[in-house]
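Data first, discussion second: the structure below is written as structure tokens.
The values are calculated or read from the model by the stated rules, or taken from the named source; none is laboratory data. In this text, all values refer to a predicted model and were calculated from it rather than measured experimentally. All Cβ positions, even for glycine, are placed from backbone atoms using ideal geometry, and neighbour counts span all protein chains on display. Remember, those area values only see protein heavy atoms, side chains included, never the ligands or the DNA or RNA. Shrake-Rupley method; radii C 1.70, N 1.55, O 1.52, S 1.80 Å.
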Amino acid sequence: MLYFDYIVLGSGIAGLTFALQAAAHGRVAVVCKASLSETNTMYAQGGIAAVLSEMDSFEQHVQDTLVAGAGLCDEAAVRFMVERAPESINWLQQQGVCFDGHEDKSIALGLEGGHCQHRIVHVKDHTGLSVQQVLGKAARQHANVSVLEHHVAFELLMQHNACQGVQLLDLKAKEAKTVLAKAVVLATGGSGQIYQHTTNPSIATGDGLAMAYRAGAEISNMEFFQFHPTALYNPASKDTFLISEALRGAGAELVLPDGTPFMHRYHPQGSLAPRDVVARAVYHEMQQHSSPCLYLDARQLPEGHVQRHFPLIYNTCKRIGILAERDLIPVVPAAHYQCGGVAVDLHGQTSVPGLYAVGEVACTGVHGANRLASNSLLEGVVFGKAAAAHAVAQKYEQPESITAPELTCQAAVPPVLASIKEELRRLMWEKAGIERTYENLLQAKEQVEQLRLKLQECAAAGSPPPVGELENLLTVAAITINACLGRKQSIGGHYLVQKPVPAEGLEISW
Ligand code: FAD
Ligand code: SIN
């Protein structure tokens, strides 16, 4: 049995912010199922939204967030976050993040979809990597923080109606560990892996959400999965690389296969309309033109601009023979961000005593039906800090012991797992993706249940990690489908069409 004051499940921006704040008051364990840096955070490109120019105001950032969220945001939570954005950027700078600046030392602000002002603080097009490296290093160096890499959290441990610990599997030593703490923090990120096409890395399997659900926590807004309109179309690669919205903010235009711009037909903000609008427009035009992708035209940007300001994107495209100054960049939509999650208050408290949730796994209410670009890294810092401040101010008792179910890591992995996972991700993409019909959702619900039964039949006793992860994916998929079925009108990222859109003759190969 291991004892800490706080257990943080997740080493992305939200978990590390909580850990670094709480470590001034007690011992913290940061648990991550892969390496410390393998997070969604690391892949973030565009940046972090904050009001930092005289042209801008909190009110404008609040209004942009509310508009993107299609009227379903919790306005108090939005104001809470927006007002704390400048101090959050300041805190990240104090930790050592060097955001891009101008010669006069003022911070450089980018523009992204749905924002009426330039307000995106960034480090070229690898903001997330820079934040991850700085916070990760600080956590490793902190005497009060223990980093448990390659440890997968399996189950939250409940006692006296409160969450008092976590059952972990050490993937390298292949042994189970029970960790007890005064408070447990879910910072496990999102669940993009429920979809066939996603910008999210393989760790994004919704484990935290599934564990919270099993512990009885309230979950909300799971019908609002956000699809990003511009992932690089590269059928030769298994991984999906993002082409940041910031490139459109710098002037790149979405165009049809013949090079014609089309977004102004869908929204007055054109290629910089809110993300749900752009993703649906791209999806629709792909079908209209029976095309496997559309394109981003960055050729009109000043010479050298893409290479200088978006080096990651420039070089990734170049490696597959696409030169941004010469060629159109092929793009497709992909699942990107879980707007819903474990319901929390302004302190990150879930409905389960002793359990906090921060970052993408949480539903603070700031995103409503659709997240405004670059508001999620911000949310991770603001609510990571708020949750830590709350947790350290409580008089939580340190639990002494707990009974945990037996776990083993030794059982062989049933080969059928891969096919169940593939089938789940394909059906979620086709039936609960960018466009949904009631009939498709009902079929998806039934099919997910069938897959769950199939897994139950073949899973070896003792749940080796891949079985647990797949169970979590199935749980999150079922929660998502149920939420979709419960929302009868289209709003934000949840788009219902009356009939399935005909896709005759259209073979989309990704
Ligand atoms: P993550 O960073 O995802 O970290 C999750 C952590 O949980 C990992 O350490 C993982 O190992 C751990 N974990 C998960 N399950 C378990 C388990 N069972 N046991 C133990 N550990 C577990 N947002 C912006 O605001 N601006 C951007 O420019 C931006 N760009 C993006 C680009 C891409 C390609 C992607 C994918 C996302 C982007 N986002 C962006 C969204 C943003 O990056 C994420 O929402 C945010 O990083 C989530 O942070 P987090 O701390 O909640 O979780
Ligand atoms: C992007 O850079 O396009 C992603 C920004 C975000 O998800 O907030």
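Taking 0.36 nm per residue of sequence separation and removing the Cα-Cα distance, the Gln141/Leu256 pair yields an extension gain of 36.4 nm. Of the peptides 359-365, 2-8, 348-354, the order by per-residue mean of other Cβ atoms within 10 Å, starting with the highest, comes out as 359-365, 2-8, 348-354.
Ranking Leu2, Val82, Thr39 by how far each Cα lies toward the positive end of the dipole of the stretch 1-87 (charges on Cβ) leaves Leu2 at the top. Here the stretch 211-299 is treated as a Stokes sphere of Kirkwood radius computed over C-alpha pairs; at 37 °C and 0.692 mPa s its diffusion coefficient rounds to 224 µm²/s. Membrane-span-like helices in the chain, defined purely by DSSP H runs whose alpha carbon atoms cover 18 Å or more axially and whose average Kyte-Doolittle hydropathy reaches -0.5, are 127-141, 376-393, 416-431, 465-486. The shape of the stretch 267-357 can be summarised by an equivalent ellipsoid whose semi-axes, obtained from the alpha carbon gyration tensor, come to 36, 19, 13 Å from longest to shortest. Within the stretch 395-451, the proportion of Cα pairs with more than 16 Å between them is 63 percent. Taking a ≥ b ≥ c as the square roots of the eigenvalues of the Cα gyration tensor, the stretch 390-490 is classed as oblate, since a/c reaches at least 1.5 and a/b does not exceed b/c. For the stretch 1-71, the Kirkwood estimate of the hydrodynamic radius, built from every pair of different alpha carbons, is 15.1 Å. In this entry, the stretch 98-168 is assigned a mean projected area of 9.0 nm², taken as a quarter of its C-alpha convex hull surface.
Computed from label points 7 Å out along Cα-Cβ, the spacing between Asn161 and Leu485 is 3.1 nm. Applying the criteria of a DSSP loop state and at most 12 other Cβ atoms within 10 Å to the GluC sites (Glu not before Pro) of the stretch 25-69 yields Glu54.
Restricting the calculation to Cα atoms, the stretch 442-497 shows an Rg/Rh of 1.11 when the hydrodynamic-style radius is the Kirkwood one.
Take the Cα of Glu430, step 7 Å toward its Cβ, do the same at Ser35, and the gap between the two points is 3.7 nm.
A simple spin-label model places pseudo-atoms 7 Å from Cα toward Cβ; at Gln456 and Ala24 they are separated by 4.9 nm. For the chain, adding -39500 (n - 2.57) for each run of n ≥ 4 DSSP H residues and dividing by the number of residues yields -11000 deg cm²/dmol at 222 nm. If the segment from Met1 to Ser53 were pulled out straight at 0.36 nm per residue, it would be longer than the present Cα-Cα gap by 13.7 nm.
Ratio of Rg to Rh for the chain: 0.95 [Cα atoms; Kirkwood radius as inverse mean 1/r over pairs].
Here the peptides 385-392, 82-89 are ranked by packing, the mean other Cβ count within 10 Å, and the order with the highest first is 385-392, 82-89.
With q set to 0.16, 0.18, 0.19, 0.32 Å⁻¹, the log10 of I(q)/I(0) for the stretch 204-256, from the Debye formula over equal scatterers at the Cα positions, is -0.74, -0.81, -0.84, -1.24. Debye sum, Cα scatterers, the stretch 104-231, no solvent: what log₁₀ I/I(0) at q = 0.12, 0.14, 0.23 1/Å? Values returned for q = 0.12, 0.14, 0.23 Å⁻¹ are -0.71, -0.92, -1.42.
Within the accessible area of the chain, the carbon and sulfur atoms contribute 50%, probe 1.4 Å, all protein chains present. From most to least packed by mean Cβ count within 10 Å, the peptides 47-53, 326-332 give 47-53, 326-332.
Computed over the Cα atoms of the stretch 345-403, pair by distinct pair, the Kirkwood hydrodynamic radius stands at 12.7 angstrom. Among the trypsin sites (Lys or Arg not before Pro) within the stretch 169-269, those in coil by DSSP and having at most 16 neighbouring Cβ atoms inside 10 Å are Lys172, Lys174, Lys238.
Of all aspartates and glutamates in the structure, the ones whose alpha carbon falls short of 17 Å from that of Lys174, not counting any fewer than 8 places away in one chain, are Glu149, Glu155, Glu406, Glu469.
Per residue, the accessible area of the chain comes to 40 Å², computed with a 1.4 Å probe over protein heavy atoms only.
Note that the stretch 311-415, at 4 °C in a medium of 1.567 mPa s, gets a Stokes-Einstein diffusion coefficient of 71 µm²/s from its Kirkwood radius over C-alpha pairs. Counting 0.36 nm for each residue step from Val497 to Cys116 and taking away their Cα separation leaves a gain of 134.2 nm.
Across Glu253, Glu218, the residue with the most accessible area heads the list, and the full order at a 1.4 Å probe is Glu218, Glu253. Computed from the Cβ-Cβ distance with R0 of 45 Å, the FRET efficiency linking Glu446 to His102 stands at 0.20.
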